[in-house]
Structures are given as C-alpha cells and as structure tokens.
Amino acid sequence: MQALGERGLIRRIRRTIGSGAPGVRVGIGDDTAVLQPTPGAWLLATTDLVIEGVHFRRRSAGPADIGWKAMAVNLSDIAAMGGTPRFALVALACPEETEVEEVDQFYEGLTAAAAPHGVALVGGDTSASPAGWIVNVTLLGEMTGAPRLRSGARPGDVIAVVGTLGRSAAGLAVLEAGRRPDLPGDVLAEVEQAHLRPVARVAEGKWLGARDAVHAMIDLSDGLATDLGHIATESGVAARVALPRLPVAP
C-alpha cells in the first residue's frame, strides 16, 4: 500500500466505491465534501470506532467483514432515531504491510453495507497504523419528524425489540473459542455471520419512528440489559421484561 501513495490510493478507492449520488456536489478527492441536505430536514450525525483487538480479530474477520461492520454499527445508530442515512466519511488506518487488495476488500464490504440504504461515501482519510487496523466511520442522516430519543419512554409503554437476540454474541463465542463446537454447519455459519456482518434495521427504524405511539428507541449493540437500562435511566422510568416472550435465537 505504501508504494501506491496517497493520491494513488484515493484514485483506487474512488474506482471501488463509484461516484455521483443525490445530494453530493463534491465527493472524495477535495479538501471537504460539499453536500445538499433535504430542505426542512433535521441533520443526524453519528460516529463509531472499530479497532482491531477490541472489536474484531483479524484471524476471524477479513477486510470486507471489517468494512461491513464499521458501516453497519453507524447505520444502526441512525435507524434508532428513525432517520434516513445519507452520507458517510471513512477514516482507515492499517499497517504499512497491508496489501492494497485488502484495502479494496475493506471498501467493497463497506459499500455493500451502505448501498442498500442509499448511503454515499463522500470523504475520509487514510493513514499507516503502528498496531493493527483502526476504522472510524462518521455517518450523516436526515429526518423530518421528531427524533425518538432514549429519554422519551413513558410509564405504560410496551417494550419491544426488532429481530432476534443472541446470534451475534453466539457468533463471537464461536469465533473466540478457536475451535468448532458440535453444532450443525448452517447454525455455525448463521451465528458467525450475525457477528461479522450484522444487519442494520434501517427500514424498521423509519417505520417505527413515524408512529406517534413510539416514544423512545435505542440501538441494541451493547445488549438488551445494558441498552434498556439506558432508556430507563434517561427517561426516569423502570422496566419490566417478560423473559419467556423475548425473541431469543434458538
């Protein structure tokens, strides 16, 4: 990657992700992106770090998996507000010995996660890292209604989750174990995929955010107990969970 140089790398990234998207006046290649927001919409902004050795291990996560997950965790934050993701800025630092093909794969995974939601990659930065891969994605989104804050829950609200719980944690346990447990191959593949390539519930978040009966939402990336606790604390309420009714992955 070092032999390619910064300008060469930028050109290569532009070929990988493409160019031209609604609302993008200037994208990758200039000092800043120039973007056209939707008139009357609120701007949403979120950012997340994904660090080798903390959030993933290279022995189990390939470059495309890293790119996908870095985008998905940010998409989930926008979804939790009931918003529409629009533009992404991506900062990548990786060891100097990283092959340029690995960088290609990283951006391919990133765009694969972003494309179904119409997200345009409009800028970022690249650097050498002395110790593993470090990724930071900043995602900008929009919404036209009232945001669904974690502080909005009211006494009497029903607690509901989208999707099933436990697959990602099971996938992490399998990957960290370093050996294959005695389970069917399709089950192992499913839980590993859930951890390496989580699905952001953007459509569901927008649908819920448009309902007046929904008062609070949160991304469950830290787990139900932790994130429900955040809602309860911020809203000044208590929470009672019907454990037998939780949609836990079998």
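Looking for something buried (at least 16 other Cβ atoms within 10 Å of the Cβ), in contact (Cβ under 8 Å) with a residue 12 or more places away in the chain, in contact with a Pro (Cβ under 9 Å, 6 or more places away or on another chain) and among the hydroxyl-bearing types (Ser, Thr, Tyr) - is there at least one such residue anywhere in the range 104-113?
yes
Kindly establish whether Ile231 is of a type in the set (A, V, I, L, M, F, W, C) and either touching a Gly at 6+ places or on another chain (Cβ under 7 Å) or not in a helix (DSSP H, G or I) (or both).
So Ile231 does not fit the description; no.
Filter the range 125-142 for residues that are modelled with pLDDT under 95 and either acidic (Asp, Glu) or touching a helix residue (DSSP H, G or I) at 6+ places or on another chain (Cβ under 8 Å) (or both); which is surrounded by the most Cβ atoms within 10 Å (Cβ to Cβ)?
Among residues in the range 125-142 that are modelled with pLDDT under 95 and either acidic (Asp, Glu) or touching a helix residue (DSSP H, G or I) at 6+ places or on another chain (Cβ under 8 Å) (or both), the one surrounded by the most Cβ atoms within 10 Å (Cβ to Cβ) is Thr126.
The values are calculated or read from the model by the stated rules, or taken from the named source; none is laboratory data. Computed from a predicted model, the values in this text were never measured in an experiment. So basically every Cβ, Gly included, is an ideal-geometry build from the backbone, and we count neighbours across all protein chains shown.
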